[in-house]
1. Could you work out the relative contact order of the chain? I mean the mean sequence separation of Cα pairs under 8 Å and 6+ apart, divided by the number of residues, in percent.
2. What FRET efficiency would be calculated for the residue pair residue 644, residue 371, taking the C-beta separation as r and a Förster radius of 45 Å, to the nearest 0.05?
3. Quick one: order 262, 630 by neighbouring beta-carbon count within 10 Å, fewest to most.
4. Given the Cα-Cα distance of residue 872 and residue 846 and 0.36 nm per residue of separation, how much length would full extension add, in nm?
5. Calculate the spin-label point distance for residue 330 paired with residue 620, positioning each point 7 Å from the Cα along the beta-carbon direction, and give it in nanometres.
6. PRE reach from residue 278 (point 7 Å along Cα→Cβ): which of region 229-247 fall under 17 Å by backbone N?
7. Give the percent of DSSP beta bridges with both residues in the chain that are antiparallel, rounded to the nearest 5.
8. Calculate, for residue 549 and residue 114, the FRET efficiency according to 1/(1 + (r/R0)^6) with r their C-beta to C-beta distance and R0 45 Å; round to the nearest 0.05.
């Protein structure tokens, strides 16, 4: 059915309410005719709930009372029977006698709600009972449904789900009006929706120990309530040094009461924690040699959870989340699953075995067992996994979508392992999450969505997004992600600054999505080409400046929340980048013997201290409320695992001679004058073109302590200099421009001579190519054409396939994703949807084309993520983008955040052409396109987008 709806739901832009990020907003801004007064100056509602209803629902109602009081200052009275004109009636269909009465009296119809897993109905009813004029009814099909209705109302009146976990304040209101005619009927589309607390030491564990004395029910109460507020129902608990049910026997009981379905991670079968084997297990964790002890160990887990809502993880991995020592013994694994199923059959009864929720996590090497033929019974859910870096490895085929147990996805916001752990801060853009999880939904992986959130904080933003998308994936599209972020910001901080705050959230996550902070090194961003490192530095500085301005304008109540959700992750990300940039500058200047070498070392030390200050400031919020939660080391990685503590890279210190000593460097090359004389490598700037880079720089620097005077003279009048003379204490930048009106047609050659200290002075060659050009498109200037994926137009969209713009994704201004219905197969590549990029070449030739693609994986068996390339009306040429399946290629791809795919492009003539990229396989994401026409330089992000000339125009735009 979902495949048939593809053409409809994908085109929906979707909208969200800034009141509650809800599909339907039912709390009014004032009183209207027929509105219901939950709280007003004249009257207030009475909470009515059957005392025999679920204890977890009764607990949620107490929380709602507190939330209403926080907002309005009024605490609603609770009763088992209504005796006031206005009633807030709450209940579950299976427990509430009052709801049964209302339905029998014909006041409510629950036929559409009944039987809907986790579903709820919110409805305003007139004269439902004698003596009651109006009632707002919050009804759940089951316990969880009713709880979700309760927290839906809490969110609608202005209580953020992050009210406790991020200190988000509420806006005080003297009255709360429910709109006349309110009727909401909702239920989740993904059955189990949850999080995994993982890699939780030192940050979360230290905080939990200080605040709660351990991972006990007092701590988990807050986790469970957060999940309820986000309409989630599933949890893998903290496990690295903990055992959920053994650490505190009340933990699983509280989870069941609050409607949280408990399970254990992919390497903890049968609801026994890994650490429980360390505490109670006898012998090795090896089934081939220790079956009896392991069998008994697992029996105890099944018995302990017999009467609790749970999902049993099947299979077996090695301890400490390692592969099994027995290796890829599929027969042994099949025996393990069979024995685990026998335990469940003995515990629950053979007739109920297929009704006991069970999951097989196809994580890492376990997926290989499945692909080589291992199978589990049809009622067991297959939990597919991403590659630990947000790229889903596999999704169900058409046949697999018919399995009774269905399928799900295990996703990551946090990971420990190769090629580099990332555990510290949010690094996943929402557009990345949406693109991957939309695939999961479309391919039928809708039974379980669970995400590794590490310490939970500071993953508030992506966690919220992931769980809301799990509730209703069809409400989310590429077109409304930015609006969702704005609405989320409005929910936490009010609407006045929501758009700016959303830009800050998108800005820092985009930066971290390009490369995770733990993987940034001094050489990541180029110092030499396209002003790259400085450009990124300016971007981050601008975001921080805007953040500071917004923070100053927010009221005092919002300060702690703003630091946690916006300012800290942004500024901490900036600090890591600036540390590495300063170290790179220190190394470059040290190699050139510059007087500024030690200044850049001081800059690195400043930013290192700044990082520590940011951590301390976070820990001081609320008098230490979140102490330890930012204590994860994140600086000084030299292999996959994190260092014991933050470490500053080695810095160069230089003893500067007392005199003056001139050096000269031309943009684009690390060598300098007078070294260039010895190496016989003349200094030269890259060639100027009329539509290309307007300025190039020459740096005149001091290698000594004494300032010196310099002069700079151009050999031709078409060469313009920002400075012709000056005094250099450490460095003077000369910007070189070309006056094209004075340049001759064709190639112009001149030089800039710089004199100061040293014999003869330096000469820098300047070339300017005033070539005649016409036509239109993105122009071949500076030896390349650079395009963002979003630079092209999507042509020939079809009902079952199209190229979709994905704003904010990847390295450029936006990406294009190949979006299709499940199991799409193009009938003819030449007739497939395509992207069209108008380009202009200075000359004919065969050029290297580089595609910067998201490092997506072949989630469809047998796919190589193909696309097809063509110039103009040439026959499209198929290109497989996933041919190198080596571990080294995968590691490089996830570190870089892209897969670089190269091809050859034959251009038959100079002039305007149309580059076309045809859709072949779904899931391909095009971030950037680079065409090297002779002078493309190495850089991390690639050069800025080439200038564009519109048709029949002589003007260009950048």
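1. 9 percent
2. After rounding, the FRET efficiency stands at 0.75.
3. Details: 262 22, 630 25.
Sorted ascending by nearby Cβ count, the order is 262, 630.
4. Values: separation 26, 0.36 × 26 = 9.36 nm, distance 1.49 nm.
Result for the pair: 7.9 nm of gain on full extension.
5. In this crude spin-label approximation the distance works out to 6.0 nm.
6. 237-247
7. 70 percent
8. For R0 = 45 Å, the calculated efficiency reads 0.30.
Just so you know, all these numbers are worked out from the coordinates, no wet-lab data involved. Just so it is clear, the model here is predicted, and its values are computed rather than measured. Heads up, the Cβs are rebuilt from the backbone with ideal geometry, glycines too, and the neighbour counts pull from every protein chain shown.
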